[in-house]
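Everything on this sheet refers to the single structure shown next.
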Amino acid sequence: MLPAPLATAFRFGFFPVVFFGAIAVGWTLMEHGVSPMIATGAVVFPCALIIGLSEKVQPKFASWGVPQGDWPADLTHTFLSTIVPPEIIRALTIGALTGASIWLTERIGMPLWPSGSPIWLQLPLAMVISEFGSYWAHRLMHEHDALWRLHAVHHSAPRLYWLNAGRFHPLDTALQYIGQSVPLVLLGASPEVLALFALWTAVHGMFQHANLDIRLGPLNWVFSMAELHRWHHSTLIAEGNTNYGANTCFWDIVFQTRFLPEREPPEEIGIAALPHFPKGYFAHLASPFRWEALQQEAGPDGNGGAERAGPG
């Protein structure tokens, strides 16, 4: 742990310095001719290293720093479940969506996206628009049994740390990516805006799940960051069915699902009715399709409400 003065500086300064610095570096690289994909990767990987190492220095909970046989699956999810589905969707749909965007622009007679505006206006606009689709995709996964079976993989995490930001079933990733990205492409957002959107999502996601003792203060009314998201992983349904925003809490505020009480977040997380959720990557992929078996394996710790068990 850091000495008190440094701990305070870290607590309030680490996120804004790293996050806004990452966005600034990514945009600067693209302004100097670096391709959006390379610029994004050149920023995300150093940020992952910085955040991961910082968890060792100033953790929120010591228990979350202890591996529980989860990191091999989380690492595999990060590369195969989080990166591959969006790339496949992009390859299959980008041509048709771009064509539809051009058609819409011609029909309306004016650009649908404010491409001439400064990037510091375009990027927040992209976040608000994209978050509407992902907010409802995420919320519906908590409210409908069939979708919850997909999303349960993410909530089965026994602890929060930077790497389980990628712990999603690939079908979960696909649904949320479609909700986020399709509107932006249809409206004609540029490749640079889409790349900065991806950069924001990646860095914010790692911070959102990181085991870091950080505070955002008033920024908790802008970002759906760790202080809010830890409540989303509560084993209590009333607490877990809140804070659906992936990057901002704008729609949580609009639809009154933002939740940040004045007490410490739960250290114990996971799915209360499925305490023995499988840990392996391929078992995660199969879990939605063998849900009844998982309920039976839960034994006396499970219950009839495991279809949407904590959070439901």
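The values are calculated or read from the model by the stated rules, or taken from the named source; none is laboratory data. The model shown is predicted, which means the values in this text are computed figures rather than measured ones. All Cβ positions, even for glycine, are placed from backbone atoms using ideal geometry, and neighbour counts span all protein chains on display. Remember, those area values only see protein heavy atoms, side chains included, never the ligands or the DNA or RNA. Shrake-Rupley method; radii C 1.70, N 1.55, O 1.52, S 1.80 Å.
Side notes on the structure shown:
- Magnitude of the charge dipole, the chain, Cβ model with Lys/Arg +1 and Asp/Glu -1, debye to 20: 280 debye
- Taking the convex hull of Cα positions in the chain, its mean projected area over all directions (nm²): 16.6 nm²
- Per residue accessible area in Å² of the chain, where ligands, DNA and RNA are left out and the probe is 1.4 Å: 45 Å²
- All-pairs alpha carbon distance profile, segment 1-146, 5 Å steps from 0, percent: 2, 6, 8, 13, 18, 18, 14, 9, 5, 3, 2, 1, 0
- Note on D145 and I108: the extension gain reaches 9.3 nm, defined as 0.36 nm multiplied by sequence separation minus the Cα-Cα distance.
- Full extension of the chain between I88 and I253 gives 56.1 nm of extra length, using 0.36 nm per residue less the Cα-Cα distance.
- Note on A42 and E297: the model spin-label points, each 7 Å out from Cα along the C-beta direction, lie 4.4 nm apart.
- Using alpha-carbon coordinates, inclination of helix 191-209 to the longest axis of the chain, degrees: 20 degrees
- Estimated 222 nm signal from helices in the chain, with DSSP H stretches of n ≥ 4 weighted -39500 (n - 2.57), rounded to 500: -19000 deg cm²/dmol
- Pair R263, F289: separation of 7 Å Cα→Cβ label points (nm): 4.2 nm
- Under DSSP loop assignment and at most 16 Cβ neighbours within 10 Å, longest GluC sites (Glu not before Pro)-free interval of the chain: 1-261
- Candidates Q180, F207, A272 compared by Cα position along the dipole of segment 167-275: farthest toward the positive end lies Q180, with charges placed on Cβ.
- Taking 7 Å steps out from each Cα toward its Cβ at Q68 and A24 produces label points 3.8 nm apart.
- Kirkwood Rh in Å, taken over segment 51-98 so that all alpha-carbon pairs contribute: 13.5 Å
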